Amino acid sequence: MTYPARFTFDELLDEPGTRRLRLVVVLLCAVVTTLDGFDLQSIALAAPAIAEGWGVGASAFGAVFGVGLFGSLVGAFLLGRLGDRFGRRRVLLISVAVFTVSSLATPLAGSITGLVVVRFLTGIGLGGALPSAIALTSEYTPRRSRGTVVGLMFCGYPFGGVLAGVLSAPLIPAFGWASVFVVGGVLPLLLLPVLWTSLPESAQFLNVSGDRVGLGAVLRRMGSTVDAARVEPERAPDRSPVVRLFTEGRAAGTSLIWATMFMSLLLAYLLTNWIPLVTRAAGTGAGGAALAVAALNIGAIVGCLVFGRFADRLRPTVVIGVAFCLGASAIAALGYVGPELGALLFVTFAAGFGGIGAQMCMVAVTANFYETSLRATGIGASMGVGRIGGILGPVLGGLLVGAGAGAPAVFGVAAEAALCAAVAIVVMGIVTKERRSQPGGRSSGVRPPTTETPAVGTGTASRRNGI
């Protein structure tokens, strides 16, 4: 192809010859998010066996679960910023190395205090890996299919939870709880040399940082003979202050997005961390509890894809609100299922399908609400607020269990959080619709994903555009 004298890297990504390297980047980042989800879920699955072996109460694990999420919050902010300064690839490798070593060190912790320390360090690695993986995937994907590809890559996160549930069911009874963390450490250890040799640095980062030698190496790897000097230089954009999220008519929408993310991640992490302990106490056994977590995560993946397809065609806020309501019904029913395994798996699948599937679709709504200059700030801030809810959810579960509350009370709180999220997102849709209908008003409200860049799903656009 003949290029103009100056062109952008995004224009080069549209060429079919770049598909191979793009696919390598997306697949490797998806594997990282899968291992991220596996490790995060492992502690919840191992908690019943650890509590039994150490002779401690289940309520002691509220702090363990909470500190892991706090570590991921620290890692996301700290290592995410370092990724903008030193490169996505370098920070991703460091993050994977951190949670590899921490996972392998987890069986060496001999007390709740030691477990708290090692899970905090693990959380830093897990939280730091995700921003770099998202950035790399986004920056190696053409604009027309970027939302779809990033959304599908996110499915690796609950898929990791599925793997953790399926593998821990036979591993823990046969080899003890430590075996889950050995597997969770060995797998990323094997992945590290693959990442080192196969994962390129972000070409856009190299362009912004002025590294023409590195950019040229990436172009040659993509099979391009174009001189790196012909790629249009990019200036790092000024970061938008958080205060802009609440100006120019955005205050109500931003507040309601934050409320939705807070409640949805509170319920998601409460469920993923406490389902193993609560259901095992009800008599399902370690294997049944692990399978229930797997069913929850499978439901989340299916729900994300199904509701994403509906959101392509209908008003996304209404679709997600309905999904949260369906999830609330299933979550409340979890408290009354009892030890019957078949019913437990069906209800946990439904809870993941509605409650967590809706939460995964929220990224698209947030991205569509903000214009380009505010999009990264808006998404980052909403996920940060949501992570606070994710920290409080497991701790709240621990307080309830410690106070003697049963399964109906624990899962009832999660169901109430789902209903609150439903109300917040539906009201947000009404508010933004009113803004669009005002005379002279800006159309900056929630917009259904277009057929070119749907945020989640596998519809016509994803089949046409591919990776």
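The numbers here are math on the coordinates, done by the rules we state, and not lab data. None of these values were measured; they are calculated from a predicted model. Heads up, the Cβs are rebuilt from the backbone with ideal geometry, glycines too, and the neighbour counts pull from every protein chain shown.
Within 11 Å, Cβ to Cβ, of Ser198, how many net charges do the neighbouring residues add up to if Lys/Arg are +1 and Asp/Glu are -1?
That works out to +2.
Summing Lys, Arg as +1 and Asp, Glu as -1, what charge do residues with Cβ under 15 Å from the Cβ of Leu69 carry, Leu69 excluded?
In short, 0.
Percent relative contact order of the range 96-191, based on C-alpha pairs within less than 8 angstrom and at least six residues apart?
It comes to 42 percent, rounded to a whole number.
Computed FRET efficiency, Cβ-Cβ of Ile112 and Arg212, R0 56 Å: what is it to the nearest 0.05?
According to the calculation, E is roughly 0.60.
Please give the Cα centre distance for the range 243-268 versus the range 386-415, rounded to the nearest Å.
22
On a C-alpha basis, how far is the centre of the range 321-336 from the centre of the range 131-203 in Å? Whole number, if you could?
When both Cα centres are located, 28 Å separates them.
Within the set of other residues whose C-beta is less than 11 Å from the C-beta of Gly160, count the net charge using Lys and Arg as +1 and Asp and Glu as -1.
So the environment of Gly160 carries a net charge of -2.
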